[in-house]
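Notes to accompany the following structure.
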Amino acid sequence: MNDRNFRLLDIYTDYLLSSFGAPTATGLSSVLPQISHDAITRFLNQPVLGNRALWKLVKPQVRAIERADAVLAIDDTVQEKCYTDPSELMAWHYDHNLGRAVKGINLVSAFYVSSGVSVPVSFELVQKTELTIDPKTGKDPGALWAAVCPTTKNEMARAMVADAVGKNIRFGHVVADLWFACAENMVFIKSNCNRDFVFPLKSNRRVALTLQDKQRGRWIKLSTLTLEPLVPVTLYLEGVPFPVRVCCQLFKNEERRGRRGHAASMFERFDALWRSTLRNLPQTVENRRISQVAQTLCGTG
């Protein structure tokens, strides 16, 4: 992808975002006469762009802002397209914000966040290409809604972290939401990539208070512990071979229900970690939960 196509990509993207009607190549050409509709058509007919083209585009920006205490934020989002015909890409996905399944495009992305600047460095589209077998009938339902993606979101997330490490991108820790807070991701980030992580934890997560309790299989639910807010403690998570630091927070808008949030990290100096997280993460909807925890743990919330 050459520089001219990169410029057309920016222009065409802005045109899609600002257009109120059906976007067309001739419509963009009428707005910008210096760009012919044939040039736009040739641009749209080129091979599908992927992570290689994205990295070529953002690499100078990443190198200009990268720091050792930067954050790699993993997240997924669903762009709802309720009136579009279903396909492998346009499928049904569970939306955590709405609490139900919606039809649309599911995107898993990795953002490099440093000094308040957020740059996408990797992405994967969830395409449901494999049909499942009905466990009751043992037959293929033959419907698109029954299809699954051959690669899980957690596998995509691990591949993105490994890709960032392979590109020599400097970052200190990985942050993500509950969906990605599994033991496999924690072990991979710490053991394989030599990075720290900050993950929220579900209240039913099984933990052990000491190494002896872990070795003897004395697991208890995280919700049964009485942890002081803002005070990190060392615990052992089931399936994670190393100890982690866990801190809890009582959400301000749900004090009457007594709902608490817990976050796990491998970083020993919690104050420095959370201040770095708070400084690097922009105040967006996707990072609201992480930022809220960071503010509370730093004593600024």
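Details
- Subset tally (residues that are at negative phi, surrounded by fewer than 21 Cβ atoms within 10 Å (Cβ to Cβ) and hydroxyl-bearing (Ser, Thr, Tyr)) for the stretch 73-128: 7
- Pairs meeting the criteria (first residue in the stretch 5-22 and surrounded by fewer than 12 Cβ atoms within 10 Å (Cβ to Cβ), second residue in a helix (DSSP H, G or I), beta carbons under 9 Å, at least 6 apart or on different chains) are 21/27.
- Scanning the stretch 224-262 for residues that are of a type in the set (S, T, N, Q) and modelled with pLDDT of 85 or more, we see that the one that is farthest from residue 199 (Cα to Cα) is 224.
- Among the residues of the stretch 155-201, those identified as of a type in the set (Phe, Trp, Tyr) and in contact (Cβ under 8 Å) with a residue 40 or more places away in the chain are 171, 179, 180, 197, 199.
- Within the stretch 35-59, residues that are surrounded by 11 or more Cβ atoms within 10 Å (Cβ to Cβ) reach partners that are not in a helix (DSSP H, G or I) with beta carbons closer than 6 Å, at six or more positions or on different chains, in the pairs 51/122; 53/1; 58/119.
- Every residue from the stretch 122-152 that is closer than 30 Å to residue 189 by Cα and either at pLDDT 95 or above or assigned to a strand (DSSP E or B) (or both): 122, 123, 124, 125, 130, 147, 148
- Residues being over 19 Å from residue 112 (Cα atoms) and in contact with a Ser or Thr (Cβ under 8 Å, 6 or more places away or on another chain) - total across the stretch 176-224: 5
- Note on the stretch 1-119: enclosed helices (runs of 4 or more DSSP H) holding 3 or more residues that are out of contact with any helix residue (DSSP H, G or I) (no Cβ under 7 Å at 6 or more places or on another chain) and modelled with pLDDT under 85 are 3-18.
- Condition check for residue 212 on (1) modelled with pLDDT of 90 or more; (2) farther than 28 Å from residue 71 by Cα; (3) of a type outside the set (Gly, Ala, Ser); (4) touching a strand residue (DSSP E or B) at 6+ places or on another chain (Cβ under 9 Å): one failure, at (4).
The values are calculated or read from the model by the stated rules, or taken from the named source; none is laboratory data. In this text the structure is predicted, and so the values were computed from the model without any measurement. For neighbour counting, all protein chains shown are included, and Cβ atoms are generated from backbone atoms with ideal geometry for every residue, glycine included.
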